[in-house]
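Input: a single structure, listed below in structure tokens.
The values are calculated or read from the model by the stated rules, or taken from the named source; none is laboratory data. Everything numeric in this text was worked out from a predicted model, so none of it was measured. For neighbour counting, all protein chains shown are included, and Cβ atoms are generated from backbone atoms with ideal geometry for every residue, glycine included. All accessible areas refer to the heavy atoms of the entire protein, side chains included, with ligands and DNA or RNA removed. Shrake-Rupley method; radii C 1.70, N 1.55, O 1.52, S 1.80 Å.
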Amino acid sequence: MACVLEAPLRMSVLSEVTASSRHYVDRLFDLDPQKVLQGVMLLYLLQQESSSTELRTECAVVLGSLAMGTENNVKSLLDCHIIPALLQGLLSPDLKFIEACLRCLRTVFISPVTPEDLLYTDATVISHLMALLSRSRYTQEYICQIFSHCCKGPDHQTILFNHGAVQNIAHLLVSSSYKVRMQALKCFSVLAFENPQVSMTLVNVSVDGELLPQIFVKMLQRDKPIEMQLTSAKCLTSMCRAGAIRTDDSCIVLKTLPCLVRMCSKERLLEERVEGAETLAYLIETDVELQRIASITDHLIVMLADYFKYPSSVSAITDIKRLDHDLKHAHELRQAAFKLYASLGANDEDIRKKIIETENMMDRIVNGLSESSIKVRLAAVRCLHSLSRSVQQLRTSFQDHAVWKPLMKVLQNAPNEILIVASSTLCNLLLEFSPSKEPILESGAIELLCSLTQSENLALRVNGIWALMNMAFQAEQKIKSDILRGLSTEQLFQLLSDSDVNVLMKTLGLLRNLLSTRPHIDHIMSTHGKQIMQAVTLILEGEHNIEVKEQTLCILANIADGTTAKELIMTNDDILQKIKYYMSHSNAKLQLAAMFCISNLIWNEEEGSQERQDKLRDMGIVDILHKLSQSSDPNLCDKAKTALQQYLA
């Protein structure tokens with residue numbers, strides 16, 4: 001492909017180029033494509049060892065300035081294989097040339113159009129870059145910057161870690177050059193992110209007798225530049241989340257957390273406030289105590305409300321650049337605030353109450369659910385999910401703002417990451433004490449949830465069946481019938497044979513909720529009895545854990561409580577033998593669940609109880625009951641004695 005380069009943004013660099021390369025540079029901005037192609041000579045000259053080192057260095061400088069231009073420039077340079085050419089240049093003995101190549105590589109790699117993987121295609125490149133770290137403060141700065149930009153995800157972290165990144169970069173944190181210190185710090189923040197291996201290593205590394213966490217804490221101090229404070233807070237946050245530093249360590253509670261709260265204040269730049277809030281949300285996400293501490297630090301909950309006030313009203317902004325800047329960051333600010341509110345309210349009821357009482361909070365969440373930005377929508381749903389864990393709020397604020405309406409809208413055609421959180425939230429809104437349950441049902445939720453149970457995504461299957469389970473709890477018969485119709489027997493069997501135990505348990509929970517209250521039990525078993533008994537048999541015969549079997553026996557106990565339904569058990573000798581087997585099982589939970597089945601079958605106030613008692617006596621059930629009445633387990637003993645009394649009455 002032809003190398004087409006547009007004028008760079010920074011022309012000043014070009015004014016320094018000497019006459020020797022001026023001829024080629026001029027051609028790069030010529031309108032004639034043929035001449036532009038000749039401009040690729042720069043790259044050619046760069047690679048010619050016969051060219052003087054001065055000329056090759058100059059070529060690298062000019063190419064670097066071109067890379068600072070438009071993204072199209074970078075694309076064209078990539079098409080012309082600039083990266084292999086520059087990497088080749090790093091083998092030169094000349095330090096000035098190496099630095100120019102690294103500077104150009106740095107500029108190319110920090111462009112969003114450059115694939116990071118290009119750094120890792122040749123295994124020897126990383127080793128060579130590590131070796132060059134000792135050459136000069138410029139090689140240190142540029143290489144660290146390249147690493148931090150090209151380290152995306154666990155695979156890259158592992159490659160850099162295995163090539164000794166921690167040992168090679170650690171001492172740069174005490175360099176006399178601020179730029180080197182800063183780039184080394186950024187390197188550690190990306191290496192440690194969500195990486196326990198790196199984090200556990202960092203915590204034990206020392207430089208000049210001082211452990212890295214102590215060095216990071218020094219960099220957090222208020223007199224340090226903001227970017228340094230923020231980046232060291234990110235390092236300590238990653239180490240804490242990985243378990244390398246305890247959550248109650250003073251460097252987290254007294255240093256990292258307060259620093260991140262400071263970053264959320266109005267005094268900070270918008271981008272700093274975004275980064276501060278997102279990092280703090282991650283730090284406190286899973287720790288109740290940190291959530292409590294953060295919630296009472298510097299009026300954080302109220303401070304975050306300000307994140308929703310951008311862009312400021314247009315009349316107040318005379319500066320068009322400022323408006324543009326505000327607009328650009330408005331989405332990010334809302335996303336960060338929602339994320340932090342979600343983390344703050346994850347566990348504590350009082351914190352949730354404070355969040356919801358913050359000015360217009362519920363309206364902001366509702367608006368967030370319909371924003372054009374997918375990231376804001378996801379963060380708003382996360383926030384709503386966190387607050388939906390509150391029984392009190394489900395009964396009040398959620399109802400007052402009819403939150404279920406926008407939530408149901410979000411569930412139509414959303415990407416999976418949003419669907420997962422939104423369907424989790426819906427599970428909470430469908431709990432029996434939630435006033436939203438009725439209107440959600442009327443808006444076609446059963447169909448939606450039944451379709452989720454067929455998803456290939458495990459989390460969506462779990463949430464779909466979980467929500468149906470909540471919906472069926474103490475529901476009227478019509479709703480239960482609608483659920484069974486919506487799921488279909490085939491899908492029910494599919495779920496009962498799902499390889500994931502979570503899906504299986506929630507499906508059994510749904511069946512148990514469907515088969516409650518006698519008229520419902522009898523009605524459902526009259527229409528679906530054969531299939532349900534088949535499913536129960538399959539599970540009791542299968543290789544399943546104790547919890548699964550216990551839940552299945554509880555379903556049988558519910559069926560045994562029906563008036564006509566219990567005959568489906570009494571006429572099924574296979575099932576009766578299974579109940580007998582579990583009465584003598586080694587696990588007390590299973591014994592107890594089997595006893596519930598027997599008790600419901602022999603209860604003598606019910607029609608036909610005498611025949612049922614006789615049949616079960618002939619099977620040897622009474623002998624087992626006598627044995628269990630001597631059990632050392634008080635629950636089993638009591639249950640057995642109660643059952644025996646039915647025979648005596």
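Before I look further, what does the chain give for accessible area per residue, probe 1.4 Å, in whole square angstrom? Working shown, then result.
On the way: 29160 Å² over 649 residues.
Spelled out: the 1.4 Å probe surface of the chain, per residue, equals 45 Å².
Determine the dipole magnitude for the chain: charges of +1 sit on the beta-carbon of Lys and Arg, -1 on that of Asp and Glu, nothing else is charged, the reference point is the Cα centre, and the result goes in debye to the nearest 20.
Values: 64 positive and 75 negative charges, 205 e Å.
It comes to approximately 980 debye.
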Task: Farthest positive-ward along the chain dipole, Cα basis, beta-carbon charges - from Ile143, Leu484, Gly444 - done: Ile143
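For the chain, what is the convex hull volume of the alpha-carbon atoms per residue, in Å³? Intermediate results must be reported in sequence, preceding the final value.
Working: hull volume 138.4 nm³, N = 649.
Hull volume over Cα atoms, normalised by residue count, gives 213 Å³.
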Task: On Cα atoms only, tilt of 123-132 relative to the major axis of the chain in degrees - done: 60
- [ ] Mind ranking 220-227, 144-151 by how tightly packed they are, going by the mean number of other C-beta atoms within 10 angstrom, highest first?
- [x] 144-151, 220-227
- [ ] Could you go through the stretch 373-382 in sequence order and give the Karplus-derived ³J(HN,Hα) for each residue, using 6.51 cos²θ - 1.76 cosθ + 1.60 with θ = phi - 60°, rounded to whole Hz, and x for Gly and Pro?
- [x] 6, 5, 5, 5, 4, 4, 5, 5, 5, 4
Task: Computed log₁₀ I(q)/I(0) - Debye formula, equal Cα scatterers, no solvent, the stretch 66-126, q 0.12, 0.26 Å⁻¹ - done: -0.27, -1.17
TODO: Find how much the distance from Glu289 to Lys641 grows on full extension, using 0.36 nm per residue of separation minus their present alpha carbon separation; answer in nm with one decimal.
DONE: 122.0 nm
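Please sort 481-494, 551-564 by packing, taking for each peptide the average over its residues of neighbouring beta carbons within 10 angstrom, highest first. Don't skip to the answer; put the middle values down first.
On the way: 481-494: 16.9, 551-564: 22.1.
Ranked by mean Cβ neighbours within 10 Å, highest first: 551-564, 481-494.
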TODO: Work from the charge dipole of the chain (Cβ charges, +1 for Lys and Arg, -1 for Asp and Glu, about the Cα centre) and give the residue of Leu91, Ile301, Ser175 farthest towards its positive end.
DONE: Ser175
Task: Extension reserve of the Glu432-Ser127 stretch, reckoned as 0.36 nm per residue once the Cα distance is removed - done: 103.7 nm
Task: Degrees separating the helix 518-541 axis from the principal Cα axis of the chain, which is the longest one - done: 70
- [ ] Could you rank the peptides 382-389, 627-634, 52-59 by their average count of other C-beta atoms within 10 Å per residue, with the highest value first?
- [x] 382-389, 52-59, 627-634
Task: Residues in the stretch 420-457 reached by a label modelled at Ala402 [backbone nitrogen below 12 Å; 7 Å Cα→Cβ] - done: 439-440
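I need the calculated FRET efficiency for the pair Ser443 and Arg135, taking r as the beta carbon distance and R₀ as 51 Å, to the nearest 0.05. Write out the running numbers ahead of the final one.
Details: r = 66 Å, r/R0 = 1.30.
Taking R0 as 51 Å, the efficiency between Ser443 and Arg135 is 0.15.
With r defined as the distance between the Cβ atoms of Asp249 and Val207 and R0 fixed at 25 Å, what FRET efficiency is calculated, to the nearest 0.05? Don't skip to the answer; put the middle values down first.
Working: r = 20 Å, r/R0 = 0.79.
Step by step, r from the Cβ atoms, then E = 0.80.
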- [ ] Return the Cα extents of the stretch 352-463 along principal axes one, two and three, sorted largest first, each rounded to a whole Å.
- [x] 39, 32, 20
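Quick one: net charge around Gly153, please, counting Lys, Arg +1 and Asp, Glu -1 for every other residue with C-beta under 11 Å from its C-beta. Don't skip to the end; give the middle numbers.
Details: positive: Lys152; negative: Glu116, Asp117, Asp155, Glu194.
So the surrounding residues net to -3.
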- [ ] Report relative contact order for the stretch 262-418 in percent, whole number only (criteria: Cα-Cα under 8 Å, sequence separation at least 6).
- [x] 22
- [ ] Excluding Gly608 itself, calculate the net charge of residues whose Cβ lies under 9 Å from the Cβ of Gly608, where each Lys or Arg counts +1 and each Asp or Glu counts -1.
- [x] -2
Open item on the list: Can you compute the charge dipole magnitude of the stretch 393-506 about its Cα centre, using +1 on each Lys and Arg Cβ and -1 on each Asp and Glu Cβ, nothing else charged? Give it in debye, rounded to the nearest 20.
Closed with: 180
TODO: Using the Cα centre as the reference, give the magnitude of the dipole from point charges on the C-beta atoms of the stretch 199-330 (Lys, Arg: +1; Asp, Glu: -1; all else neutral), rounded to the nearest 20 debye.
DONE: 160
Task: Longest to shortest principal axis, alpha-carbon extents of the stretch 266-398, angstrom - done: 46, 27, 23
Task: For the stretch 533-594, convex hull volume per residue from C-alpha positions, Å³ - done: 70
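Under the rule of -39500 (n - 2.57) per DSSP H run of 4 or more residues, summed and divided by the residues of the chain, what mean residue ellipticity at 222 nm is obtained, to the nearest 500 deg cm²/dmol?
Dividing the helical sum by the residues of the chain leaves -20500 deg cm²/dmol.
In percent, how large is the relative contact order of the stretch 500-635, given Cα pairs closer than 8 Å and 6 or more residues apart? It would help to have the intermediate numbers written out before the result.
Numbers: 118 pairs, mean separation 28.6, N = 136.
Relative contact order comes out at 21 percent.
Counting only protein heavy atoms and using a 1.4 Å probe, what share of the accessible area of the chain belongs to carbon plus sulfur, as a whole percent? Please list the in-between numbers first.
Working: 14920 of 29160 Å².
Of the solvent-accessible surface of the chain, carbon and sulfur hold 51 percent.
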